[in-house]
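Asker: Just passing along the structure, written as structure tokens.
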Amino acid sequence: MKNNQGFPFLIAGILALGLGMFIGTLAAFQFIIPDFFELLPFFKSRPLHVSLVVSWIFLCAIGGIYYYLPTYCRLPLFSSRLVKAHFIIFIATGLAIITSYLLGKFGGREYWEFPPILSIPIIISWVLFGVNFFKTVFRKKGKWPVYLWMWATGIVFFFITYLEANLWLIPFFGDNIVREITIQWKAYGALVGSWNMLVYGTAIFLMEMISKNSSLAKSNMSYFLYFLGLTNLMFGWAHHTYLVPSAPWIRYFAYGISMTELFILAKIIWDWKSSLSNALKFKHHIAYKFLLSSEIWIFLNLILALLISIPAINLFTHGTHITVAHSMGSTIGINSMILLASLFFIIQENSEKAIGSNVLKTGIWLANISLLVFWISLIGAGYLKGTLSFGSDLTFQEIMEKLSPYLISFGIAGICLFIGMCVILWVALTHLLALRKK
Amino acid sequence: MNKQLIFFFLFVLFIIYSFSVYFSGTTYDKGISHFTTEAKLGKKLFQEKNCISCHQIYGLGGYMGPELTNIISYRDNDESIARAFLKGGTAKMPNFQLNDEEIDALISYLKYIDKAGNYPPKAYEITPYGTVNEIVTDEK
């Protein structure tokens, strides 16, 4: 176990998530109490929170891929030195980003709020990852299971769209607000799509391993769903910018593409019986519990995503907390649950005893139930903000006043979610550290 | 079906589509003549101070503070209100200790985005297909 390449990424990911959620909880309370924790004002706590939790998604997804390729896909990594270099650059860039926020030095682009110069090491580290991945998987003979396609796509598209997200540095793009905002969100939509490829690929990989059914990842349906996801990644982003005065065809095209996800919704409903029997069959496996939670969250968030992709609904929900519900629901409920499944899969496969103490189970329940309250509170706040912004003459301050019960319930649910996740992460961290020593 | 081929086809479409978005989908910006050197400096400051962590433009950004796309015309083009906020901050908005030039620049930037479009749309129609058409009436 000692020399496994993926481990440092997994451990760093756990720490990033723990710290990121802690700062997120602080930030949630800064919404309600203005001078709360003045040491780290909101305009610093928000980017810190976002960057830390996003880095958890990347660290854990990448760590999993580095771990699974040699152990389960029988594809020894092309170079372990590249993995080390990747890790060192990742962590050094992360520390530089944290320092820049603490010093109040920003690039001020939503979600990637650090100075743009720090994009250079991010791009370099991604090249290292890509070279290593492709040099490794191209040695595989025969048909690629769909998760290899998804991981490959995630890597390629992160690279392309991260570059695209930096186009604003060129005056042609940066000197026209309509073009700048449109392309910013075109890139962001696809960036999220590309990390989803890494994460969903991991979910399919885990399902194959848990069910020991290798036809799953090679079925026509799974490739079809992959291409559907890819199409949405490429063309389905414009619900972020329906209201930006860009050309109408951008909107209509994206609207049409987004609605193809109805197929996925129909499939989930169609398959519910077999999903249920799977749940009964595999429920003993701790990783499956997380996968099952993620499936429920996929269902809920897909409905929300479909609704807010309809321009007539988007008109009222855009710029409200419903968008936050969508992003938090997906990154916590879907992405993080799948990545936790991956962590616990690795732990379980390397342990003699079955993992699943009552403490851990309580953590899982607490996290999921409080996430539901958290999610519903955000939808409530967003609904109110949307209707009041359009249907009344209230000022910004009056609207915020009316939202406060929802924001308080959001904050309290956030604390419970934080506690639940800490329990889960603590169990994962102690097991992983013990495995490393083995 | 050949998966490599489907991927290649989609990828080519993606490239064509991206360039169409860059060069023909986003040429419209009716405020462009207001994007002066001063306004550009304002944009730079807006980013360096991370205003977007609390404020939104076209509904995109943080939710602690108000939406800023049309804040200048919302206040009947009286920029002194925005100036006062920038000068002193509030309980929720930090005082960034901006000097007069920096405030001028930020105001120029806010005026530019105000001219560039409307958000949220003031007049619109919803079609039976669920799409929204903005009805542009006022010329700012």
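Asker: Roll a 1.4 Å probe over the protein chains and send me the accessible area per residue for segment B:37-116 in Å².
Answerer: Per-residue accessible area for segment B:37-116 comes out at 42 Å².
Asker: OK, next. Given a 1.4 Å probe and the protein chains all in place, what does the accessible area of B:Phe7 round to, in Å² to the nearest 10?
Answerer: Roll a 1.4 Å probe over it and B:Phe7 shows about 40 Å².
Asker: Using the Cα centre of segment B:37-116 as origin and beta-carbon charges of +1 (Lys, Arg) and -1 (Asp, Glu), tell me which of B:Tyr58, B:Ser73, B:Gly88 is placed farthest towards the positive end of the dipole.
Answerer: Result: B:Tyr58.
Asker: Under 14 Å Cα-Cα from A:Lys267, which aspartates and glutamates qualify once same-chain neighbours fewer than 8 residues away are excluded?
Answerer: A:Glu295
Asker: OK, next. Over segment A:269-438, average the accessible area per residue using a 1.4 Å probe and give it in Å², no decimals.
Answerer: Accessible surface, normalised per residue, equals 45 Å².
Asker: May I ask for the angle, rounded to the nearest 10°, between helix A:358-391 and the longest principal axis of chain A, with both axes built from Cα atoms and the value confined to 0 to 90°?
Answerer: Between the helix axis and the principal axis of chain A, the angle is about 30 degrees.
Asker: Counting only protein heavy atoms, what percent of the accessible surface of segment B:37-116 is carbon or sulfur at a 1.4 Å probe?
Answerer: On the way: 1780 of 3380 Å².
Carbon-and-sulfur percentage of accessible area, whole number: 53.
Asker: May I ask you to find the residues of segment B:1-23 that are shielded by at least 30 Å² of accessible area once the whole protein assembly is considered instead of their isolated chain (probe 1.4 Å)?
Answerer: Those are B:Lys3, B:Phe7, B:Leu10, B:Phe11, B:Phe14, B:Tyr17, B:Val21, B:Tyr22, B:Phe23, which lose 30 Å² or more relative to the chain on its own.
Asker: A follow-up question, please. With point charges of +1 on the Cβ of Lys and Arg and -1 on the Cβ of Asp and Glu, referenced to the Cα centre of segment A:269-438, which listed residue (A:Ala434, A:Gly382, A:Asn314) lies farthest in the positive direction of the dipole?
Answerer: With unit charges placed on the Cβ atoms, the residue in question is A:Ala434.
Asker: For the pair B:Lys87/A:Phe390, report the inter-label distance in nm, with labels modelled 7 Å from Cα in the Cβ direction.
Answerer: For the pair B:Lys87/A:Phe390, the computed spacing is 3.8 nm.
Asker: Considering Cα pairs under 8 angstrom that are at least six residues apart, work out the relative contact order of segment B:37-116 and quote it in whole percent.
Answerer: Details: 101 pairs, mean separation 31.8, N = 80.
Normalised by residue count, the contact order of segment B:37-116 is 40 percent.
Asker: While we're here: How large is the accessible surface per residue of segment A:6-140, computed with a 1.4 Å probe and reported in Å² as a whole number?
Answerer: Per residue, segment A:6-140 has 39 Å² of solvent-accessible surface.
Asker: Taking all protein chains in place and a 1.4 Å probe, what share, in percent, of the accessible surface of segment A:134-270 do carbon and sulfur account for?
Answerer: Numbers: 3580 of 5010 Å².
Reported share for carbon and sulfur atoms: 71 percent.
Asker: Still on this model: Nothing charged except the Cβ atoms of Lys and Arg (+1) and of Asp and Glu (-1): what's the magnitude of the dipole of the protein assembly as shown about its Cα centre? Round to the nearest 20 debye.
Answerer: 2880 debye
Asker: While we're here: Cα-based Rg of segment A:77-169 per 2.2 N^0.38 Å, rounded to two decimals?
Answerer: 1.26
Asker: To the nearest 100 Å², how much accessible surface do chains B and A cover up together, summed over both, with a 1.4 Å probe?
Answerer: Using a 1.4 Å probe, the pair buries roughly 5700 Å².
Asker: Over every pair of different alpha-carbon atoms in chain A, take the mean of 1/r and invert it; report that Kirkwood radius in Å. All intermediate terms of the calculation are to be shown ahead of the outcome.
Answerer: Values: mean 1/r = 0.0444 Å⁻¹.
Answer for chain A: a Kirkwood hydrodynamic radius of 22.5 Å.
Asker: Still on this structure, please answer the following. Order A:Ile123, A:Ile155, most accessible first, counting only protein heavy atoms with a 1.4 angstrom probe.
Answerer: Sorted descending by solvent-accessible area, the residues read A:Ile123, A:Ile155.
Asker: Would you work out which of A:Leu17, A:Gly107, A:Ile124 lies farthest towards the positive end of the dipole of segment A:1-139, given +1 charges on the beta-carbon of Lys and Arg and -1 on that of Asp and Glu, about the Cα centre?
Answerer: Sorting the options by dipole projection puts first A:Ile124.
Asker: Please give the net charge around A:Gly63, taking every other residue with its beta carbon less than 14 angstrom from that of A:Gly63, where Lys and Arg add +1 and Asp and Glu add -1.
Answerer: +2
Asker: When you count, for each residue, the other Cβ atoms within 10 Å and take the mean per peptide, how do A:207-219, A:12-24 rank with the highest first? If you can, show how the numbers build up before the last one.
Answerer: Numbers: A:207-219: 15.2, A:12-24: 20.5.
In decreasing order of mean packing, A:207-219, A:12-24 become A:12-24, A:207-219.
Asker: Compute, for segment A:269-438, the length of the dipole vector about the Cα centre, with Cβ point charges of +1 (Lys, Arg) and -1 (Asp, Glu) only. Units Debye, rounded to 20.
Answerer: 740 debye
Asker: Let me ask something additional. Rounded to the nearest Å, what's the spacing between the alpha carbon centres of segment A:127-174 and segment B:1-43? Just the number, please.
Answerer: Measuring centre to centre over Cα atoms gives 20 Å.
Asker: Okay, next question. In the structure shown, do any of A:Lys141/A:Lys273; A:Lys361/B:Lys3; A:Lys84/B:Lys49; A:Lys84/A:Lys105; A:Lys84/B:Lys43; A:Lys385/B:Lys87 have a Cα-Cα gap over 31 Å, and if so which? Don't jump to the answer; show the numbers that get you there.
Answerer: Values: A:Lys141/A:Lys273 36 Å; A:Lys361/B:Lys3 41 Å; A:Lys84/B:Lys49 35 Å; A:Lys84/A:Lys105 29 Å; A:Lys84/B:Lys43 39 Å; A:Lys385/B:Lys87 28 Å.
Table pairs above 31 Å Cα-Cα are A:Lys141/A:Lys273; A:Lys361/B:Lys3; A:Lys84/B:Lys49; A:Lys84/B:Lys43.
Asker: Can you give the translational diffusion coefficient of segment A:269-438 in µm²/s, computed by Stokes-Einstein from the Kirkwood radius over Cα pairs at 20 °C and 1.002 mPa s?
Answerer: 121 µm²/s
Asker: Given a 1.4 Å probe and heavy atoms of the protein chains only, how would you sort B:Thr90, A:Thr320, largest accessible area at the top?
Answerer: Correct descending sequence by accessible area is B:Thr90, A:Thr320.
Asker: I need to check one value: relative contact order of segment A:86-140, counting alpha carbon pairs closer than 8 Å and at least 6 residues apart, in percent.
Answerer: 37 percent
Asker: How large is the dipole of segment A:143-259 about the Cα centre if only Lys and Arg carry +1 and Asp and Glu carry -1, each at its Cβ, rounded to the nearest 20 debye?
Answerer: Using only the charged Cβ atoms, the result is roughly 320 debye.
Asker: By the scheme Lys and Arg +1, Asp and Glu -1, what is the net charge of all other residues having a beta-carbon under 13 Å from that of A:Ala165?
Answerer: Details: positive: A:Arg109, A:Lys186; negative: A:Glu110, A:Glu113, A:Glu164, A:Glu180.
Charge balance near A:Ala165 sits at -2.
Asker: Mind ranking B:42-51, B:67-76 by how tightly packed they are, going by the mean number of other C-beta atoms within 10 angstrom, highest first?
Answerer: So the peptides B:42-51, B:67-76, ranked by packing, come out B:42-51, B:67-76.
Asker: Counting only protein chains, not ligands or nucleic acids, how are A:Trp426, A:Trp168 ordered by accessible area (probe 1.4 Å), most first? Please list the in-between numbers first.
Answerer: Details: A:Trp426 160, A:Trp168 45 Å².
From most exposed to least exposed: A:Trp426, A:Trp168.
Asker: Sticking with this structure for a sec: Take every residue in peptide B:62-68, count the Cβ atoms of other chains within 10 Å of its Cβ, and give the average of those counts.
Answerer: Mean partner shielding for this stretch: 6.
Asker: Now for a different question. Relative to the longest principal axis of chain B, what angle (0 to 90°, nearest 10) does the C-alpha long axis of helix B:37-48 take?
Answerer: 80 degrees
Asker: For chain A, what's the relative contact order in percent, using C-alpha pairs closer than 8 Å and at least 6 residues apart?
Answerer: Relative contact order comes out at 16 percent.
The values are calculated or read from the model by the stated rules, or taken from the named source; none is laboratory data. Computed from a predicted model, the values in this text were never measured in an experiment. Here the Cβ is made from the backbone with ideal geometry for all residues, glycine too, and neighbour counts use every protein chain on show. Each accessible area value is taken on the protein alone, full model and side chains, heavy atoms only, with ligands, DNA and RNA left out. Shrake-Rupley method; radii C 1.70, N 1.55, O 1.52, S 1.80 Å.
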